[in-house]
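The block underneath contains the structure these notes are about, expressed in structure tokens.
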Amino acid sequence: MAKSDIDLLIVGGGVNGTGIARDAAGRGLSVLLVERDDLASHTSSSSTKLIHGGLRYLEYYEFRLVREALAEREKLIDVAPHLIRPMRFVMPLATGMRPAWLIRLGLFLYDHIGGRTRLPKSKGVRLDNSHWGAGLKPIRRGFVYSDGWVDDARLVVLNALDAAEHGAEIRTHTSFDGAKRENDRWVARLGDGSTVTARAIVNTAGPWVSKVLEEMPQAHAERPPRLVKGSHIIVAKLFEGEHAYILQNPDKRIVFAIPYEGDFTLIGTTDKPYEGDPSHPTIDPDEVEYLCDSVNRYFTRQIGPADVAGSYSGVRPLFDDGHENASEVTRDYVLRLGAKEAPQILSAFGGKITTYRRLSEHALDQLGPFLPQMTKPWTAGAALPGGDLPSGDFAAFLKTVRARWPFLDEINATRMAHAYGTRIDRVLGDATDLEDIGHGLSAREIDYLVEKEWARTAEDILWRRTKLGLHGGEPLQRTVEAYLKTRGGV
């Protein structure tokens, strides 16, 4: 393949990589992002799926992180109102846990430290004989506060889409095989056989951030990240309502129980030091036990390993700040420039999905002296693809979807409206029926995901672009695989 010359090569297609690609392309830079697997195929699809400030981080005095995350929560709800939904969280006051006065103080800070918010403030509530206590054991009191929920993998895809529409090139299933300095450029070898020259490289490879640096002998070495595994389990719905629960545990950690995909409850997460290959982390029996115990401490319905309908694990590449306890290691992001001169490499450690957009701005700020033609930041108020809902009113938008495509039942209309927002027209167009191949998935939707959203496999479609694999299982997997074969490849 021919050698190409670009401003910025980004290694890693998670939320940080695609966020930087979007921001950089919109600032007029020529950008190439490479991801060796699918977009969001690792850490960025394995989160608790929250857009939040991180209430528990106040205990570790991470005020800057919480303040920034809360401010970003407001911005992200504005730019992706189809994808990000406000949610109320209930914290039961259990005997032997944090005292009520401490929680009240923490929630007061949480309500105010991020500036003005349109979300409801926290409040104390009675849990007995109220909907807030649905499914709980007899617990009289608790608190309710607000945060947001997001489909994490789709957030990554939307950033990649917007990056591409601003001129970035997105290459999935393309590895980074190393780079060396030649004058004022990096010359990088890619797994598809091509070579590119770049004025700067951004290393957002997540758990592989150190490995990328090892492939660049002239780059400055950094301390390897602390790898921490977080696991989640999915069980049949534990309670009614659209609110979630934040559950305190005797070890001072918290676990969330969140409504998930209509019929399920998502429970997580654990914090466990991780060694080994981060490509395919799986949940350990002791993690399943821990999460079940956390729920059983509070809910009348008791669960065990046999009740787990699904699970997933992700490896977080946290910046090593010296804490021995994995739960105390900072979740804040750290950016490291590799040299004082051009060509430059910037590596990203840690971070939260909530702060990916701000991380992107900070990364480009640091690269500014090496890319002087770059224009100003622009993403703070720019809608993500599909997020330009009239007045940001999702309920009203959903009514228009139901009216235009009346063959969609309520479940699938809601699913698709959340996933695609105003771009649902590009998926359904002039369709007059669903052409359902299983659980509301149509050939038309598969075609769109393959042609526009870089999907290649049934796994890409069923577990990252949609979550229909949870509902359709192996039969739907086989059906999608068969349909993809009829397309004759991607």
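Values in this text are rule-based calculations from the coordinates and carry no lab data. Bear in mind that the values here come from a model prediction, so they are computed numbers and not experimental data. No Cβ is skipped: glycine too gets one built from the backbone with ideal geometry, and neighbour counts run over all protein chains shown.
Points to keep in mind about this one:
- For the pair F108 and T195, a Förster radius of 56 Å applied to the C-beta separation gives a FRET efficiency near 0.50, rounded to the nearest 0.05.
- Working note: Karplus 6.51/-1.76/1.60 with θ = phi - 60° gives segment 332-343 the couplings 5, 8, 10, 10, 10, 7, x, 6, 9, 10, 7, x Hz, where Gly and Pro are set to x.
- The D293 and T375 beta-carbon pair, evaluated with R₀ = 51 Å, returns a calculated FRET efficiency of approximately 0.45.
- Computed from phi, the 3J(HN,Hα) profile of segment 382-388 under the Karplus parametrisation 6.51, -1.76, 1.60 (θ = phi - 60°) reads 9, 5, 6, x, x, x, 8 Hz, with x in place of Gly and Pro.
- Nonlocal amide H pairs with W149, under 5 Å, H built at 1.01 Å: I51, R85, M87
- Maximal additional length on extending the W101-K485 stretch stands at 132.2 nm, based on 0.36 nm per residue less the C-alpha distance.
- Net lengthening on full extension, D425/F63 (0.36 nm per residue, minus Cα-Cα): 126.1 nm
- P(r) of segment 390-486 over all Cα-Cα pairs, binned every 5 Å from zero, in whole percent: 2, 13, 26, 24, 19, 11, 4, 1, 0
- Our note on the geometry: Cα centres of segment 167-235 and segment 97-155, 39 Å apart.
- Per-residue Karplus couplings for segment 244-249, computed as 6.51 cos²θ - 1.76 cosθ + 1.60 with θ equal to phi - 60°, are listed in order as 10, 10, 10, 10, 7, 10 Hz, Gly and Pro entered as x.
- 5 angstrom amide H check on G142, placed H, neighbours 5+ away: L93, V125, L127
- Subtracting the Cα-Cα distance of R444 and R126 from 0.36 nm times their residue separation leaves 109.7 nm of extension gain.
- Per-pair calculated FRET efficiency, R0 = 30 Å: D78 and K211 via Cβ, rounded to 0.05: 0.25
- Amide H to amide H, with H built 1.01 Å from N, I303 comes under 5 Å of N296, counting only residues 5 or more places away or on other chains.
- Pairs from K121/K376; K229/K252; K137/K467; K137/K252; K229/K376 whose Cα-Cα separation, in the structure shown, is over 27 Å: K121/K376; K137/K467; K229/K376
- Between the C-alpha center of segment 26-44 and that of segment 240-254 there is a gap of 34 Å.
- In range of the label at S4: residues from segment 157-176 whose backbone nitrogen is under 18 Å from the point 7 Å along Cα→Cβ: 160-176
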